[in-house]
Structure formats: structure tokens, C-alpha cells
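What follows is a single structure, written as C-alpha cells, with notes after it.
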Amino acid sequence: MQTANANKSELVIETKGLSRVYKTYKKKEGILESIKGFWDRQYEEKVALAPTDLQIAGGQIVGLVGANGAGKTTLLKMLSGLIHPSSGTAQVLGYTPWERKHDYLRQMSILLGQKNQLWWDISPMDSYLLLADIYDIDKATAIKRIHHLAEILKAEHVLQTQLRRLSLGERMKMEIIGALLHEPKVLFLDEPTIGLDIVAQTSIRQFLAEYAKEKKPTIILTSHYMDDIAKLSDRLLLISKGKMVYDGTVKDFTKKSRTYQKISFSLSEPLDKDLHIASQNLTKGTQEISIQISNEELQIALTQITQISGVQNLKIEEADFEDSIHAFLEAQ
Amino acid sequence: MRFWKRNKAFFKLAVLSNLEYRLNYFIDAILQPMIAAGIEVTLWYSLFHTLGKTEIGGYAQNSYLAYALWTAFVTRISINWMYEFRMIEDIESGTINSLLVRPISFFESHLSQFLGYKIVTTLISLSIPLTVTWIFGLPFDYSKIPLALGLVTYYLFFLHLTSFCVATFAFHLNKIHSFTVAKNLTLWVLCGELFPLDLLPEPLKSIIINLPFSSGVYLPVGYLTGRVSHETLMQGFLSTTVGIFIFAVISIGLWKKGLSSYSGTGA
């Protein structure tokens, strides 16, 4: 695994052997199995995060990328103190997160893109004033910050509307203001743009970039949209099946990804048997094909492709950031 | 200072949230206890007429009617199933996450909201039995109101602790609403909502009256309507204090155990 360890003296986040195992109840289908489950339950253990060592320096924006269930959210939940680890230690700003000391909680914030954290039945403004009391911010300062953040997010018109009546995009903007109101030193953003349209995604991305530039918090960001990661992060962590498989700068990863080419083509008839194109396997029945191969394999791949009958719309492109990440994770 | 500031904020949140839905508030604070009082009063009235007696257990019909009327409204204050359901729901759905990552405790925030909700509904709903008592001249001592309501308020801390203990089971089990239903059915008898506890035979009567649950309804309502002495009421403060201590110890243990196995549901 490549690493980009931070200078020890300015570490804000440090984990040693941090892991989490979930125990889940496994139930077979059917009424009989449900009845049997009253006295005989089968449990299985799933490693959500394998022992992880991590060091993050102050002011860094770290993009945490991985497939669903890779362990990204589990890591954020432990670092924010939401859940306890199965083993290992973590220090964030010098605190053990799951001890949930108020002094720690006042300095960090977590935004869970798939979960409301403001109060559903009241307006965002009422929620913010409640948060101001919780974080001990005086009312005038809080109101000034709320209007400043809402102005940048172009969301001032919904501050007084009950949260439940807002659209997903508006709600996410309100959640972001709620997460930043106390100006946290450490910010965990879990899918902040999930489910949003392209306009809302761009506006939130721009806002976060400006905020990070101005306040310089330490940020760990997870997102399924690679644009979020590429444009906001200066360090990339790739996680696969609970293990860190890449830790380096986004720049290095992008440089490395340029050694890959994306070849796509379609066939007039689906493949009648399994085929190998360079190191890639094509399965029987495939008609639309998109593969990623290294520059060294390009010549041999093209020779093999031209031998297939009915090849149409052949395209060769340099792999982009998202393709490279997918290829990297699939190879793990 | 921070403690009062943040708890005042949650108290205010409950007031705001409840006033947001006007019809629900009206039904909850006025209509629901009026229906409960109507049923209880009719039952006791019918019982006296069917039996053809002037007294049951040493008390006259008017005493039972006053007890039934006030029980419906005091119970309105001293029940907590709604907030218990909310705490359970918060843990089951993962809504608790938004509290766990902020400098506020889950226990405190729900207690402050619970008290805020009680204040906003109690002030309105108690005006009804006061008016009915005055119109029909039912046995009632107005000077005893502060002490009786003091006991009910104190009992709310005990009640919240019991609800908190029940809710922590949601960290380990997926559906536990039936726990709340079973608990409330038990409390229905133990607190004296179903009938005055002095109708129970000894030694059951002394045992149940000395449990903290009687401070929720029987002791304050009995004290207001002339069935319970000042000494017995004061014993209610004592038994509630013991109950608070016991359940506080249990709840600390359950909370720590629950959090260590919590998986941060829904996020």
C-alpha cells in the first residue's frame, strides 16, 4: 500500500489498528425458519473495517473512496464518536472520539448525507438557534454566520420554512449550515452531495471548496461522485472490503491513472463464447464492451479486438479519474 | 450555565414542535383527557347506582367522581409513553446519531423536551377539571395543589428514567415497542389510574402505595380529593427519591452497554 503519512507534530487524526466487526442475524426465508429463529438464531460476523493505521495532518482534505460496504462510513462513525471500535485506538484533536467528551464534540462535526440531523418539525432557523445554545454561541454571532453561509449557498429564502417541506437539495444546504455553524476544526462529510442534481452538486462543491480555503478545517470526505473527491481533496484514501488499499495524493493517483486507456466498442451480435482481450475477460453474451488496460497492453489488445467480427464504434480514450479508481478497486 | 442554556433550548423545542400542529395539540391536551374523564366518571356513577350504595370503601360517590375526574387529567401529566416511543424510535432509526455527535446528552435532551411538552399541555388541560370541580362542588382542596403538582413533577424524573431504561434495549433488539405497552399496562394499575389504590386488600395496598409509581396519580389525586393524608404524600417524595436513585444506577449501566454495541444505524 502506498502511504502519504503526515508530519507527526501536526497530526489531527491518528488511528492504530482501528477496526470494527458487526454481528448480524442471518435468517433463512419462510415461516418455519422464522419460528425456528425463536430458539435457534444464526449469527455471522462481518468485518466492516480491518485494523487500520491512519495519520492525517491539520488542514488536510482527505477523500475517502470505496464501493458500498467498503467501510468508509464505519471509519467516519468511529472517528466522530458515534460507534465504538472492536479493536484499536483513535485520537482526534487529542481526544478518544467514542468517549464523547463535550470539548471534543464542540470542535468537530459530521454530516451524514443520507440522514437528517436538523429537526424535522421546525424551521432551519429555529434549529440553528437551538444549535447555537447547544454549542454555546451567542445569538448575534450565530445569526450572522447563518446568513453568511445561507447567502453563499443561495438558500436564504428557505431559512424560515419547516424542514419537512424543503426539497432534498435545499435540505442538504440547510444540513451543511447546521454542520458548520460552530466552525468545527474537524469535519467529516459522508456523501454530502448524494441524490442531488448536477446544479446543486456543483453549488455545494464550490461552497465546500471556499469554506475549506477560508477556515482551513481538517476534512474527511466520502462521495460516490469522483468530481467531489478530485476537486476538493488533496489526499486520497482508497478502501476496499474494509482495508486501505491506497493512500497517496490525488495528483499522484491521477498521474498514475494516465498509464491506463479506456477502450469501448459494440458488437453487431452478442459474443457467442468467453474471450480474453489482453488481461481482461469478456463473458459470453456481452454486446457493449468497455475495458481498461495499461499502455503496455494497448497494442496486443487492439490486435485481438480487430480479430473479433462485427466490431463497431471503437473508441480509445485516456481513462479519467473515476474510471481509474473503479479499475483500481476492482483489481483489489 | 451551559447545562441550563442547552436544556432550556430543548425545552423550547418541545413547545415549538407541539404548537406547530394545532389540531393535534387540541386533541392531545383537551379532548383526550376529557374522553378519559367522561368514561371514568360514568363508570363510577353507574357502579354506585347499580349497587344502590352511598359509600364504597368508606368514601361517598362524589369522592369517587372527583378522583375519576382528576385522575384523567393528572394521568395526562404523569404518563410518558409518547416520549418513550420517541426515544426507542430515535435509537432504532438512527436519529440518535444527531445527538450523539453533539455536546448534549440523549437523556437530558429528551427529559427537557418531555418537560417542555408537559408544561405546554398541562397548563391548558388542568383548567378543565378545575372548572368542573368548581361548578359541581366536588370534594377538593385548592390549597393542596402546589404540593400535589410538586410530587407529580418530581415523579416525572423517575418516570423518564424508567422510559430511558426501556429505550436502551433498542440498542440490542430491533423492535421493542411491546415493552412500552406492557410497562404502561402495569403502571395503569400500580399508579392508581384504574381505581383508587386504597380499594386493594392488605398487604397489597400498603406495598403498592409505598412503591414510587403511586406518586404519579394515586397520591397526588388522593391528596387533592381527601383520600390521602399529608404524611402519606410526603412518603411519596421519599419512595420516588429511592426509585430515582435505583433507576439512575440501572440506566447508567444500560446506556454504557447499549452504546458499546451500537452500530450507528441508518447512516
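Derivation of every value follows stated rules applied to the coordinates shown; laboratory data play no part. The structure presented is a predicted model; accordingly, all values stated were derived computationally and were not measured. No Cβ is skipped: glycine too gets one built from the backbone with ideal geometry, and neighbour counts run over all protein chains shown.
Close amide H partners of residue A:240, meaning residues 5 or more places away or on another chain with modelled amide H under 5 Å apart, are A:245. Hydrophobic long helices, here whole DSSP H runs in chain B with Kyte-Doolittle means of at least 0.5 and Cα atoms spread over 24 Å or more along the helix axis, are found at B:32-51, B:106-125, B:145-168, B:230-261. Placing unit charges on each Cβ (+1 for Lys and Arg, -1 for Asp and Glu) gives the protein assembly as shown a dipole about its Cα centre, and among B:120, A:30, A:112 the Cα reaching farthest toward its positive end belongs to B:120. With helices as the sole contributors, chain B gives -23500 deg cm²/dmol at 222 nm; each DSSP H run of n ≥ 4 counts as -39500 (n - 2.57), and the sum is divided by every residue. The angle between the Cα long axis of helix A:168-180 and the longest principal axis of the Cα atoms of chain A comes to about 60 degrees, rounded to the nearest 10. Adding -39500 (n - 2.57) for every DSSP H run of four residues or longer, then dividing by how many residues chain A holds, sets the calculated 222 nm ellipticity at -9500 deg cm²/dmol.
Note on residue A:139: lysines with a C-alpha under 23 Å away, same-chain residues under 8 apart excluded, are A:154, A:173, A:185, A:215, B:5, B:8, B:12. Both radii are taken from the alpha-carbon atoms of the range B:1-92; with Rh as the Kirkwood radius, Rg/Rh is 1.18. In a reduced charge model with +1 at each Lys and Arg Cβ and -1 at each Asp and Glu Cβ, chain A shows a dipole moment near 780 debye about its Cα centre.
Peptide A:77-90 shows a mean partner chain C-beta count of 3 within 10 Å per residue C-beta. Evaluated with a Cβ-only charge set (Lys, Arg +1; Asp, Glu -1), the range B:2-261 carries a dipole of roughly 800 debye about its Cα centre, given to the nearest 20.
Viscosity 1.567 mPa s, temperature 4 °C: give me the Stokes-Einstein translational D for the protein assembly as shown in µm²/s, with Rh taken as the Kirkwood radius over C-alpha pairs. It comes out at roughly 46 µm²/s. With point charges of +1 on the Cβ of Lys and Arg and -1 on the Cβ of Asp and Glu, referenced to the Cα centre of the range A:259-331, which listed residue (A:309, A:328, A:282) lies farthest in the positive direction of the dipole? About the Cα centre, the residue reaching furthest to the positive side is A:309. Peptide B:14-22 has a mean of 2 when you count, residue by residue, the C-beta atoms of other protein chains within 10 Å of its C-beta. The base-10 log of I(q)/I(0) for the range A:126-185, evaluated at q = 0.13 Å⁻¹, reads -0.29 [Debye formula, identical scatterers on Cα atoms, solvent excluded].
Of the trypsin sites (Lys or Arg not before Pro) found in the range A:218-318, those in coil by DSSP whose Cβ has at most 16 other Cβ atoms within 10 Å are A:241, A:258, A:273, A:284. Here is the list for the range A:148-221: trypsin sites (Lys or Arg not before Pro) lying in DSSP coil, each with at most 13 other C-beta atoms within 10 angstrom of its C-beta, are A:154. Scaled against 2.2 N^0.38 Å for its residue count N, the alpha carbon radius of gyration of chain B is 1.06. Basic side chains Lys and Arg get +1 at the Cβ, acidic Asp and Glu get -1 at the Cβ, and with that the dipole of the protein assembly as shown about its Cα centre reaches some 980 debye. Taking 25 °C and 0.890 mPa s as conditions, the range B:119-166 diffuses translationally at an estimated 194 µm²/s according to Stokes-Einstein applied to its Kirkwood radius (Cα pairs).
For chain A, taking the reciprocal of the average inverse distance between every pair of different Cα atoms yields a Kirkwood hydrodynamic radius of 22.6 Å.
Size of the range A:203-250 from its Cα atoms: along the principal axes, largest to smallest, the extents are 33, 19, 16 Å.
For the residues of A:117-129, the average number of beta carbons from a partner chain within 10 Å of their own beta carbon is 3. Between the helical axis of A:198-215 and the longest alpha-carbon principal axis of chain A there is an angle of about 60 degrees. Mind checking which of B:117, B:59, B:223 has the largest fluctuation in a GNM of chain B, springs on alpha carbons under 10 Å? Judging by the Gaussian network model, the answer is B:59.
Sparse packing (at most 12 other Cβ atoms within 10 Å of the Cβ) combined with a DSSP loop state is found for the following trypsin sites (Lys or Arg not before Pro) in the range B:25-114: B:53.
Considering all different alpha carbon pairs of the range A:259-331, the Kirkwood hydrodynamic radius works out to 12.5 Å. Roughly what angle does helix A:321-331 make with the longest principal axis of chain A, taking Cα atoms, 0 to 90 degrees, to the nearest 10? Approximately 70 degrees, to the nearest ten. Only beta bridges with both residues in the protein assembly as shown are counted; by DSSP, about 70 percent of them are antiparallel. Note: the range A:1-156, Cα convex hull, 204 Å³ per residue. Over chain B, with a Gaussian network built from C-alpha contacts below 10 Å, which listed residue (B:88, B:56, B:30) shows the highest mean-square fluctuation? Of B:88, B:56, B:30, the Gaussian network model singles out B:56 as fluctuating most. Relative contact order, whole percent, for the range A:60-159 stands at 15, derived from Cα pairs under 8 Å and 6 or more residues apart.
Taking 0.36 nm per residue of sequence separation and removing the Cα-Cα distance, the residue A:280/residue A:21 pair yields an extension gain of 89.9 nm. Of all the options B:178, B:206, B:105, the one that moves most in a Gaussian network model of chain B with Cα springs shorter than 10 angstrom is B:178.
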